[in-house]
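Below: the structure, in structure tokens.
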Amino acid sequence: MGRSRAGRAPSEADPATTTGAPGGRTHTQGPLVREVGSGAAELRPDRDRPRAWQLLVDGAPQSLVDLDDPSFLGFEYQRRLGHLIDLAAPPGRPVGVLHLGGGALTLARYVAATRPRSRQQVAEIDTALTELVRAELPLERGWQIKVRGADARAVLERTPEGSVDLVIADVFAGARVPAHCATVEFARLAARALTPTGRFAVNLADGSALPFARSQVATLLAVFPEVCLIADPAVLRGKRFGNLILAAAHQPLPLAELGRRVASDAGLGRIEHGRSLVDFTAGAAPATDATAAPSPAPPPGVFR
């Protein structure tokens, strides 16, 4: 789920790899609304880019895809996840990625464009949404992206141990992170799926006193020795509802380079790590399967 927009993220892509998929819906065809499993899906032409489309579900922005340039990340939270993708391995090297939550497959397209020959699996429970995206916003034929129509946690449970370099959790039921994908047990499954140098990245949304975000930081700190948080300072101060990105690993995170990339982005961002991140939790308890709750619903009008 995203709301803030700005310009291009720093990309490791060779320009020759960003020509995009042939065909697909054109702006002259106008917007498209269709009922899918998760609600009313709308493909809305982007006003700034001639072959770009926003995907909204029940009015909540989910994805932004540019068919001409899959390395373009228009939403702030996706650019921050893009930084983590860029730093997962040397530029251009293929990686194995498990995406939990698919939407319009923006991040899978980004990996395919910037890291050719990467093997990717996507868990997207809404098969009707995937069919819509494949038909209207087609993928490049040579991209190694498999989409599984199943619950994100169920796919994670079946992922072989030590098999992927990145697990990216961008799981939303409507505009809320479901409880069963925000627990210590879920994080342990992600840790099991990762290679020894792999990383777990999570997109979540919260506001006001940030109780969900604080609990999620405590949850990852209960599983991983290395955790950092990236967010807009206004979100961290509880001034507005928005996205926060968590990154976790068993090895040190590339904080210096990540900080440079976050600082160069069009949207303000701050990284919390170490003592300041522990302080951020404010004593919140890790969420477990027995205690977890979904993330809060966005306030009325937040997406207008």
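The values are calculated or read from the model by the stated rules, or taken from the named source; none is laboratory data. Just so you know, these numbers come straight off a predicted model, no measurement behind them. Here the Cβ is made from the backbone with ideal geometry for all residues, glycine too, and neighbour counts use every protein chain on show. Side chains are part of the model used for accessible areas, which takes the heavy atoms of the whole protein and leaves out ligands, DNA and RNA. Shrake-Rupley method; radii C 1.70, N 1.55, O 1.52, S 1.80 Å.
Looking at ARG134, ARG141, just one residue is open to solvent by 40 Å² or more (accessible area, probe 1.4 Å) and either under 28 Å from ALA60 (Cα atoms) or polar (S, T, N, Q) (or both), and that residue is ARG134. Pairing residues of segment 265-281 that are within 20 Å of ARG240 (Cα to Cα) with residues that are basic (Lys, Arg) and part of a helix (DSSP H, G or I), at Cβ distances under 6 Å and at least 6 apart in sequence or on separate chains, gives ASP265/ARG79; THR281/ARG214. When segment 84-104 is filtered for residues that are open to solvent by less than 10 Å² (accessible area, probe 1.4 Å), over 16 Å from VAL167 (Cβ atoms) and not small (Gly, Ala, Ser), only ASP86 remains.
Residues of segment 40-55 that are of a type outside the set (Asp, Glu), open to solvent by 10 Å² or more (accessible area, probe 1.4 Å) and in contact with a strand residue (DSSP E or B) (Cβ under 7 Å, 6 or more places away or on another chain): ALA40, ARG44, PRO45, ARG49, ARG51, GLN54. Apart from one condition, ARG214 fits all of (1) in a helix (DSSP H, G or I); (2) in contact with a Gly (Cβ under 9 Å, 6 or more places away or on another chain); (3) buried (at least 23 other Cβ atoms within 10 Å of the Cβ); the exception is (3). Go through the residues of segment 271-290 one by one and say whether even a single one is surrounded by 12 or more Cβ atoms within 10 Å (Cβ to Cβ), at pLDDT below 95 and assigned to a loop (DSSP other than H, G, I, E, B). No, segment 271-290 contains no residue that is surrounded by 12 or more Cβ atoms within 10 Å (Cβ to Cβ), at pLDDT below 95 and assigned to a loop (DSSP other than H, G, I, E, B). Taking segment 125-172, which residues are of a type in the set (A, V, I, L, M) and over 12 Å from HIS99 (Cβ atoms)? Within segment 125-172, ILE125, ALA128, LEU129, LEU132, VAL133, ALA135, LEU137, LEU139, ALA150, ALA154 meet the criteria.
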